[in-house]
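A short write-up of the structure that comes next.
Only the coordinates and a few stated rules stand behind these numbers; no lab work does. As the structure is a prediction and not an experimental result, all values here were calculated from the model. Every residue, glycine among them, receives a Cβ derived from its backbone with ideal geometry; neighbour counts consider all protein chains shown.
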Amino acid sequence: MGADERIPGAEELLDKDGKYVWHNMMSYNAGSRPMLVTGGEGSWIVDGDGNKYLDAMSGLWCVNVGYGRKELADAAYGQLLKLAYYPLTQSHEPAIKLAEKLNEWLEGEYVVFFSNSGSEANEAAFKIARQYQQQIGRGSRYKFISRYRAYHGNSMGALSATGQAQRKYRYEPLAAGFVHVAPPDSYRRPKGVSEERFNLQCAQAIEDAIIWEGVESVAGVIMEPTITGGGVIVPHPVYMERVQEICRKHGVLLIIDEVICGFGRSGRKFGHQNFGAKPDIVTMAKGLTSGYLPLSATAVRRDIYEKFKDAEDDYAHFRHVNTFGGNPAACALALRNLEILEREGLVARARVLGERLLAGMEKLRDHPMVGDVRGFGFLLGVELVTDRATKAPAPVDAVKRIISQCKAKGLIIGRNGDTVAGFNNVLTFSPPLSSTDEDLAFILSTFSEVMAMQP
Ligand code: PMP
């Protein structure tokens, strides 16, 4: 994309950035500089040199309604003038209305605790689950089971639940009581085993972990409906069904992390609705505000909440305080964000157009580097390999090369997996749900051109 409007002072700003700003995940290679992002409209962002890029990652998988929505800014502005802040030790209208709306979206009876980030939403879920188990007389239950390759956040508990070694390395020891099992990575299943059977075996690994850890020690299982950041690992429908049965059988709470999959990304309002699951706790963030302001939520089944509400002793209520959680402006903005998703039919659109996007990507299956293409809704992964027979993962350098060639052509895509385990080979596509037909055509044509350039 051609440069058309250089932002005055961009170079100076980046000099100062190098001096003062500590970036997320930055590896500080000599001479490397971040992109100075100066604006966004629809699915496109602009950098300090006036270059335009189609952001097929929606920032960090979150700008579901696209950039530049004035009505979201207005919703926050109006609320800031009326009531900018009050903690949710008391209450305010935007939080009440949003919690009610989330119940509608969740198609169940939930009570909502607000925080600011996905990590915090998961931390609240872990504390609620442990305390609940104690308050119903199962005080020995404190462990959580999660999957390798999953990401659940950066804070000590959420990072402990995370199953990516690269995120934990040099930050250990983490929180005790988090146990990991293999995810249902159907692409890498043993030869001769059907996808359905393999997924049932992976679900069985969860029951085995519960039994071997000791049923009376396990408080909950946490999982995303589809592993996203760990490489878009989409389970067969039998997986979630079986996991839910196992959790019920053993009195283990099922916590579904909808931080990425929620708010239409998966082609349904929430990812777990693709599998007919009825989670005990649902955590959400990102698409809740489309990233416009920080806000997250932990939705807890009403009858679990009742065990806190009606409890007798002084320590039986949820003693968790979050200064900024449920900020009125963030809640007002989130409500408007959900209104946009509904009004513009963006969830159904992601379902229908997601299939078209997937079908377009499928055409690359014959490429020697493409091992697998998978996903649903506006959430796709392309797994790169060096050899399609052995499925040896493509090296990081080749994956990075493809990403920078896409960027040079005006397309931003993601890279996911785990470096320590040698699997950092899944390209990810997660464009705004509001992407136009032309945007989707641009993603497909640009990515195909770049794949055609590979040696
Ligand atoms: N859960 C999942 C599935 C995530 O992808 C993320 C963030 N990428 C988190 C939790 C943590 O969210 P946050 O960065 O807002 O703390």
| request: Would you mind checking which residues have amide H under 5 Å from GLY262's amide H? H placed 1.01 Å from N; only 5 or more apart, or other chain. | output: GLY271
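Under the rule that an exposed site lies in a DSSP loop and has at most 14 other Cβ atoms within 10 Å, name the longest stretch of the chain with no trypsin sites (Lys or Arg not before Pro) of that kind, not counting the sites themselves.
7-169
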| said: Let me check I have the definition right: for the range 119-190, take the eigenvalues of the Cα gyration tensor, multiply each by 5, take square roots. What are those semi-axes in whole Å, largest first? | reply: 24, 16, 10
| field | For the range 279-296 versus the range 95-146, the gap between their alpha-carbon centres in whole angstrom | value | 13
| remark: Output for the range 258-344: GluC sites (Glu not before Pro) sitting in coil per DSSP, at most 12 other Cβ within 10 Å, listed by number, reads GLU312
| message | Rounded to whole Å, give me the distance from the Cα center of the range 412-448 to that of the range 22-77. | response | 15
| message | Straight-line reach from LYS101: which lysines fall under 22 Å, measuring Cα to Cα and dropping same-chain residues less than 8 apart? | response | LYS70, LYS82, LYS269, LYS278, LYS286, LYS309
| Net dipole in debye of the range 44-134 [+1 Lys, Arg Cβ; -1 Asp, Glu Cβ; about Cα centre; nearest 20] | 180
| note | P(r) of the range 179-259 over all Cα-Cα pairs, 5 Å bins starting at 0, rounded to whole percent, reads 3, 15, 27, 26, 17, 10, 2, 0
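Could you tell me whether the range 248-303 comes out rounded, prolate or oblate from its Cα gyration tensor? Rule is a ≥ b ≥ c as square roots of the eigenvalues, rounded for a/c under 1.5, then prolate if a/b exceeds b/c, otherwise oblate.
Verdict is oblate for the range 248-303.
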| How big is the convex hull of the Cα atoms of the range 255-404, per residue, in Å³? | 184
| field | Stokes-Einstein D (µm²/s) once Rh is taken as the Kirkwood radius of the range 70-343 over alpha-carbon pairs, at 4 °C in 1.567 mPa s | value | 68
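Expressed in nm to one decimal, what extension gain is obtained for the pair ASP17 and ASN103 from 0.36 nm per residue of sequence separation less their Cα-Cα distance? Please report the intermediate quantities before stating the final value.
Working: separation 86, 0.36 × 86 = 30.96 nm, distance 4.18 nm.
Contour length minus Cα-Cα distance gives 26.8 nm.
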| Volume of the Cα convex hull of the range 344-455, divided per residue and given in Å³ | 94
| said: Placing unit charges on C-beta atoms (Lys and Arg positive, Asp and Glu negative, everything else neutral), compute the dipole magnitude of the chain about its Cα centre in debye, rounded to 20. | reply: 700
| said: Please give me, ordered by residue number, the chymotrypsin sites (Phe, Trp or Tyr not before Pro) of the range 128-205 that lie in loop per DSSP and have at most 11 other Cβ atoms within 10 Å. | reply: TYR169, TYR171
| Looking at MET453, HIS320, GLN79, which one has the Cα that reaches farthest to the positive end of the dipole of the chain (charges on Cβ: Lys, Arg +1; Asp, Glu -1)? | MET453
| message | Please list, by residue number, everything in the range 44-74 whose backbone N is under 18 Å from a paramagnetic label point 7 Å out along Cα→Cβ of ARG33. | response | 46-53
| query | If amide H atoms are built 1.01 Å from N in the plane of the peptide, which residues on other chains or at least 5 residues away come under 5 Å of the amide H of ASP257? | reply | MET223, GLU224, THR283
| field | Largest-first principal axis extents of the Cα set of the range 89-219 (Å) | value | 56, 35, 33
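Over the range 100-233, what is the percentage of antiparallel beta bridges among all DSSP beta bridges, to the nearest 5?
10
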| query | Using r as the Cβ-Cβ distance of LYS127 and ASN24, and R0 as 22 Å, what FRET efficiency do you calculate, to the nearest 0.05? | reply | 0.30
| message | Just to be sure I understand: of the beta bridges DSSP finds with both ends in the chain, what percent are antiparallel, rounded to 5? | response | 70
| field | 5 angstrom amide H check on ARG415, placed H, neighbours 5+ away | value | THR428
| request: Enumerate the whole-percent occupancy of each 5 Å bin, from 0 to the last occupied one, for all C-alpha pair distances of the range 1-154. | output: 2, 6, 9, 12, 15, 16, 12, 11, 9, 5, 2, 1, 0, 0
| request: Obtain the nm distance between the two label points defined at LYS309 and THR419 by a simple spin-label model: each point lies 7 Å from its Cα along the Cα-to-C-beta direction. | output: 4.7
| request: Starting from the Cα coordinates of the range 294-362, work out the convex hull volume and express it per residue in Å³. | output: 165
